[in-house]
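What follows is a single structure, written as structure tokens, with notes after it.
Please treat every number below as a calculation from the coordinates, not as lab data. Bear in mind the structure is a predicted one, so any value in this text is a computation, not a measurement. Neighbour counts are summed over all protein chains in view; Cβ atoms, including those assigned to glycine, are modelled from backbone coordinates with ideal geometry.
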Amino acid sequence: MIAAAISRGDVATYVNALFIVYTVLVLCNVLLSFVPRVPYNRALRAVLDFVTETTDPYINVFRRVTRPIGGGGGFALDIAPMLALVVLFIAQAIVVGAILE
């Protein structure tokens with residue numbers, strides 16, 4: 001049997017990669033919110049649903065705290081995803097830093 005030696009650096013790299021993947025998913029969710037309607041395609045719908053279902057619970061925490069800015073003429077700027085990304089970056093720095101120390 002081959003023993004695998006996993007160092008703290010390996011774990012920190014893996015956790016950092018997970019944060020990066022989730023950050024990309026949040027950014028995809030933001031970009032998808034600008035697309036009004038996508039023609040129905042089963043595979044595309046599965047990907048869109050995955051992105052939405054994995055990121056909306058996290059972003060909705062910040063939507064409860066903040067309100068959209070503007071709103072005149074049907075346009076409002078939702079700052080919840082931006083706030084969610086800032087908190088995600090801070091959590092990434094704290095968690096990965098704690099693993100490395």
Q: Pick out, in residue order, every one of the trypsin sites (Lys or Arg not before Pro) in the stretch 17-101 that is DSSP loop and has at most 10 other C-beta atoms within 10 Å; say none if there are none.
A: Arg37
Q | Helix-only CD estimate at 222 nm, as mean residue ellipticity for the chain, using -39500 (n - 2.57) per DSSP H run (n ≥ 4) | A | -24500 deg cm²/dmol
Q: With only Lys, Arg, Asp and Glu charged, each at its Cβ (+1 for the first two, -1 for the last two), find how big the charge dipole of the chain is about the Cα centre; round to the nearest 20 debye.
A: 300
Q: Find out how many positive minus negative residues lie around Ile79, taking Lys and Arg as positive, Asp and Glu as negative, among other residues whose Cβ is under 14 Å from that of Ile79.
A: +2
Q.
If you filter the stretch 14-101 for chymotrypsin sites (Phe, Trp or Tyr not before Pro), then keep DSSP loop positions with at most 15 other Cβ within 10 Å, what is left?
A. Phe34, Tyr40, Phe75
Q. In degrees between 0 and 90, to the nearest 10, how far off the longest principal axis of the chain does helix 8-32 point, with axes built from Cα atoms?
A. 10
Q. Just the Cα atoms of the chain: what Rg and Dmax do they give in Å?
A. 17.8, 67
Q: Return the single residue from Ile90, Ile20, Ile59 with maximal mean-square fluctuation; model: Gaussian network over the chain, springs between Cα atoms under 10 Å.
A: Ile90
Q: Provide the per-residue ³J(HN,Hα) series for the stretch 49-61, in order, calculated from phi with Karplus coefficients 6.51, -1.76, 1.60 and θ = phi - 60°, each as a whole number of Hz, with x at glycine and proline positions.
A: 5, 4, 4, 5, 6, 8, 9, 4, x, 5, 5, 5, 4
